[in-house]
Amino acid sequence: MMLGRNFTLQMALSALLFAGITSAQTPAPRPAPAGRGGRGGGGGATPVTALVSPEVHPDRTVTFRFRAPQATQVQLVGEILQGKGPQAMTKDEAGLWTITIGPVPPEIWIYNFRVHGVDVTDPSNPAVKPVPPGFAMSSFVEVPGDSPSFYDSRPVPHGEVRMVDYESKTFGLTRTVWIYTPPNYDKSTTKYPVLYLLHGNGEAFNGWVMNGRANIILDNLIADRKARPMIVVMPQGHALQAPSVGPLVRIQGESGMFSPRFPKDLLEEVVPLVEQNYRVVANADNRAIAGLSMGGGQALSIGLSHPNLFHYVLGFSAAIGDRYLNIDETVRQVLADPAAANKKFHLLWISAGRQDFLLGPNQQLTKVLTEAGVKNTYRETEGAHVWSVWRNNLNEAAPLLFRAGAH
């Protein structure tokens, strides 16, 4: 799997962020936590002797450590607390802040350290949530279950994630798209269906890989013959240039969550790029569009308004409604001829977590469609507006794709 420049860039930014906290510190020797050396990063530390944080114990309790001798208040915050507020960490005589929580249910959890009111990532943990410029990063920790999860890598054939730059005429700058190709793509002559998979607000094109493990999920489903081998295209949904291609350019007139230029960029630049350079079956029966949150709203809006391009349309916790993306006109077009919609769309998927603040608009959408006779698949699961919901959505929905167009 090729991760690309954005991950490296974010690591550099994270290092700069913590320079102010750690540069003046002289870590004192201390007993090694969990059998490892206790010194902070840098200097003579190695991956074996570096500070361990987070540390997941066999009983699924998790210990977090943060070296900040000059700090007077450090708290643990984030999804891993499962709805609880900030938890105070304890400082020892060497300036090491520690907290142990749990046991924590098996899942991939997001967390931060809150230092004097500022949320920062864990400097000992390289697993971070990728975000576009201006958004705060968070750290990840995976608490394993008794057996590997559907999003954990297994000894099966793996696909590749390719980073592709292109010159966007729509935005007038260089943009990036990440493309998953299924196992043995380069060794075959097969043509594949394509899923266009859109990310959420405050995330980047690599979110579905770095946060969602879409590539691992697809590897496992394909290996188990539960899903058809497919190409997955992950474009940048925000009005941003590619990272690390030149000085940062802010696009004038783009201030909202939903870029008005994005649909044109996707349909007139990304789709042709894929179909000209990859072995794909270029018809609507073999073309799907899906997304989460912001990307879910984009997927529903673009997919439902282009029934001749996409016969599979999926919204995971879609950001729709008056406060977000108003898709009323698009829905009215679908409702005007339910029979035609049912003939075109092989899968219209709507889902949300029961604790999600977007549950209501998605419930209303499926209700309106169902009452009008438009077939749709609706799912509610436990969970809020979090990745644990969306990973499960992808794992359940991917096997349903491209069945009508199988050949």
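What follows is calculated from the coordinates using simple rules that are stated; it is not laboratory data. What you see is a predicted model; the values in this text were computed from it and never measured. Positions of Cβ are backbone-derived with ideal geometry, glycine not excepted, and every protein chain shown enters the neighbour counts.
Miscellaneous remarks
- An ellipsoid equivalent to region 127-203, defined through the eigenvalues of its Cα gyration tensor, has semi-axes of 27, 24, 9 Å when rounded to whole angstrom and sorted largest first.
- Per-residue 3J(HN,Hα) values for region 216-223, derived from phi via the Karplus relation 6.51 cos²θ - 1.76 cosθ + 1.60 with θ = phi - 60°, read 5, 4, 5, 3, 5, 5, 5, 4 Hz in sequence order (x marks Gly and Pro).
- Beta bridges by DSSP in the chain, antiparallel share as percent, to the nearest 5: 60 percent
- Förster radius 60 Å - calculated FRET efficiency between THR49 and ASN342 (Cβ-Cβ, nearest 0.05): 0.45
- Options [x] 36; [y] 29; [z] 53 - which one matches percent of Cα pairs over 33 Å apart as calculated here: [x]
- Within a Gaussian network of the chain (alpha carbon springs, distance under 10 Å), most fluctuating of GLN87, GLN252, GLN73: GLN252
- The chain, helix-only ellipticity at 222 nm - DSSP H runs n ≥ 4, -39,500 (n - 2.57), divided by all residues, nearest 500: -6500 deg cm²/dmol
- Inter-label distance for ASP59 and SER188, nm, one decimal - labels placed 7 Å from Cα along Cα-to-Cβ: 4.8 nm
- Relative contact order of region 176-279, taken over Cα pairs closer than 8 Å and 6 or more residues apart, is 35 percent.
- By definition, a body whose alpha carbon gyration tensor gives a ≥ b ≥ c is rounded when a/c is under 1.5, and region 160-400 falls into this rounded group.
- Shown for the chain: lysine pairs separated by 8 or more places, or found on different chains, whose C-alpha atoms are under 16 Å apart, numbering 4.
- Placing unit charges on each Cβ (+1 for Lys and Arg, -1 for Asp and Glu) gives region 160-400 a dipole about its Cα centre, and among ALA319, GLY237, HIS306 the Cα reaching farthest toward its positive end belongs to HIS306.
- Inter-label distance, nm, simple model (7 Å from Cα along the C-beta direction), ARG403/ARG162: 3.0 nm
- Order of HIS238, HIS57, HIS306, HIS199 under a 10 Å beta carbon neighbour criterion, fewest first: HIS57, HIS306, HIS238, HIS199
- Whole-Hz ³J(HN,Hα) from phi, Karplus 6.51 cos²θ - 1.76 cosθ + 1.60, for region 229-236, glycine and proline x: x, 8, 9, 10, 10, 10, x, 7
- Longest segment of the chain lacking chymotrypsin sites (Phe, Trp or Tyr not before Pro) that sit in a DSSP loop with at most 16 other Cβ atoms within 10 Å: 136-356
- The chain: most fluctuating residue of SER259, SER138, SER317 per GNM, C-alpha cutoff 10 Å: SER259
- GNM on the chain, alpha-carbon springs under 10 angstrom: the most fluctuating residue among SER301, SER124, SER188 is SER188.
- Counting other Cβ atoms within 10 Å as a rough exposure proxy, the listed residues VAL52, VAL141 run VAL52, VAL141 from fewest neighbours to most.
- Taking a ≥ b ≥ c as the square roots of the eigenvalues of the alpha-carbon gyration tensor, region 94-144 is classed oblate because a/c is 1.5 or more while a/b is no larger than b/c.
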